[in-house]
1. Would you work out the relative contact order for the chain, in percent, from Cα pairs under 8 angstrom that are 6 or more residues apart?
2. Two decimals is fine: what is log10 I(q)/I(0) at q = 0.13 Å⁻¹ for the chain, from a Debye sum with one equal scatterer on every Cα and no solvent?
3. Rounded to the nearest 0.05, what FRET efficiency do residue 38 and residue 3 have when you use their Cβ-Cβ distance and R0 = 30 Å?
4. Checking the cross-link filter: which lysines have an alpha carbon closer than 30 Å to that of residue 63, excluding same-chain neighbours under 8 positions apart?
5. Charges at C-beta only: +1 for Lys and Arg, -1 for Asp and Glu. How large is the resulting dipole of the chain about its Cα centre, in Debye rounded to 20?
6. Show me, for segment 43-56, the HN-Hα J-couplings you get by feeding each phi into the Karplus relation (A = 6.51, B = -1.76, C = 1.60, θ = phi - 60°), rounded to Hz, glycine and proline as x.
7. In whole percent, and with a 1.4 Å probe on the protein chains, what portion of the accessible area of the chain is carbon and sulfur?
Amino acid sequence: MERAAAKEQVLGEIKEAFENVTSIVIADYRASSPTVTTMRDDFRKAGCHYRVLKNSLVKIAVKAARWSRCRR
């Protein structure tokens, strides 16, 4: 039961973050630790938020997001 509650909390945080942003970059990368550390430092300097999330939780949050229903 604890895992389910933790996942719900993270999902809520993701959904909230998606509602309050102007853009999101989602990446799938397989980089070495020094590369990731450098990338995190660059993001921090630029004032960007960086977070590693479970794919399944991001997919659920994207489906629930208001902007995911927009069409071009």
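1. Values: 24 pairs, mean separation 35.2, N = 72.
Contact order relative to length: 49 percent.
2. -0.49
3. Numbers: r = 33 Å, r/R0 = 1.08.
Rounded to the nearest 0.05, the efficiency is 0.40.
4. Output for residue 63: 7, 15, 54.
5. Numbers: 15 positive and 8 negative charges, 74 e Å.
With only Lys, Arg, Asp and Glu charged at Cβ, the dipole is about 360 debye.
6. 4, 4, 4, 7, x, 8, 9, 10, 8, 8, 10, 6, 3, 5
7. Values: 3460 of 6510 Å².
Carbon and sulfur together cover 53 percent of it.
The values are calculated or read from the model by the stated rules, or taken from the named source; none is laboratory data. What you are looking at is a predicted structure, and each value in this text was computed from that prediction instead of being measured. Methodologically, a virtual Cβ is constructed for each residue, glycine included, from the backbone with ideal geometry; neighbour enumeration extends over all protein chains shown. What goes into the accessible areas is simple: the full protein's heavy atoms, side chains included, and nothing from ligands, DNA or RNA. Shrake-Rupley method; radii C 1.70, N 1.55, O 1.52, S 1.80 Å.
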